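First up is the structure itself, then whatever we jot down about it.
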């Protein structure tokens, strides 16, 4: 949607009109100015929204890393002690996957 609006700015409404006459056309220049102002405002809104989300999520990065590290450590401990029961083997891939996703 945004790229279509940008393409619309660069395209003259009437194909027969030369680009040199668009430079002198104050109405067209005003339309371009208003659209560019809108693009800049929208870009600033997206940037500030992204910064707020990153700031909010950054509080949890350490917690997820510690949980993933503890999960991976427990998997290696169980493997190293050979305390597996046959039924544990079917749950181990899911446990490894969840620990890997949490730690990443």
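The values are calculated or read from the model by the stated rules, or taken from the named source; none is laboratory data. Remember, predicted model here, so these are calculated numbers, not experimental data. Here Cβ is always computed from backbone atoms with ideal geometry, including for glycine, and neighbour counts include all displayed protein chains.
One table, with the values for the structure above:
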{"item": "Hey, residue 7 modelled with pLDDT under 85, exposed (fewer than 10 other Cβ atoms within 10 Å of the Cβ) and at positive phi or not", "result": "no"}
{"item": "Which numbered condition residue 49 fails, given (1) in contact with a helix residue (DSSP H, G or I) (Cβ under 8 Å, 6 or more places away or on another chain); (2) modelled with pLDDT of 90 or more", "result": "(1)"}
